[in-house]
1. Can you tell which of L123, L90 is within 14 Å of the chain's Cα centre (by Cα) and either touching a residue at least 12 places away in the same chain (Cβ under 8 Å) or at negative phi (or both)?
2. How about the range 95-110: which of its residues are open to solvent by 10 Å² or more (accessible area, probe 1.4 Å) and either in a strand (DSSP E or B) or closer than 22 Å to L67 by Cβ (or both)?
3. Return the pairs, sorted by first residue and then second, in which the second residue is of a type in the set (K, R), the first residue lies in the range 68-80 and is over 23 Å from S99 (Cα atoms), the beta carbons are less than 8 Å apart, and the residues are 6+ apart or on different chains.
Amino acid sequence: MSGQQLALAKGLLVAMFDQASTARAETALVCFGGARADVRFGPAVPRWWNERWLQPVGGGGGTPLALGVSRAAHVLERAARGKPAQQRWLWLLSDGRSSDLPARPMFADQLVCVDFERGVVRLGRCEQIARAWDALCCTPEDLIAS
């Protein structure tokens, strides 16, 4: 992801965490890049925002998409065991620049792929993932406009 798209993704995450806090919804944040996928927050109701959760996130290729989705799937599975009646959503924010096509996390009730891919040559990987997962695919601009 370019610096501009990464800044947009981080801004969108801050807005999403603010909404979750207002709704008192439990939230988790899994960040992935390089060869890592880390749970940076939660699952818990966000009471305040901490820039340290996102500051180390960088863009620039080498996205371990399958590892990130796998880590998120484990968080969703634990949540399903602890609170089976709870609605569980997975929001994937990515430019799709990965050759991975991870399996649909089975404990996610709703899935949304937010496609940050820009440029003349597009791979359309977020759209492919969304179709494979039966998920909604949208752009950040779609979310900002709503």
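The values are calculated or read from the model by the stated rules, or taken from the named source; none is laboratory data. Predicted model only: the values in this text are computed from it and were never measured. Every residue, glycine among them, receives a Cβ derived from its backbone with ideal geometry; neighbour counts consider all protein chains shown. Heavy atoms of the whole protein, side chains included, go into the accessibility calculation; ligands, DNA and RNA do not. Shrake-Rupley method; radii C 1.70, N 1.55, O 1.52, S 1.80 Å.
1. On the way: L123 fails: within 14 Å of the chain's Cα centre (by Cα).
Just one listed residue meets the conditions, L90.
2. In the first step, residues of the range 95-110 are kept if they are open to solvent by 10 Å² or more (accessible area, probe 1.4 Å); the result is 95, 97-104, 106-107, 109-110.
Once the filter is applied, which keeps residues that are open to solvent by 10 Å² or more (accessible area, probe 1.4 Å) and either in a strand (DSSP E or B) or closer than 22 Å to L67 by Cβ (or both), the range 95-110 yields D95, R97, S98, S99, D100, L101, P102, A103, R104, M106, F107, Q110.
3. From the range 68-80, the pairs are L76/R88; A79/R88; A80/R88.
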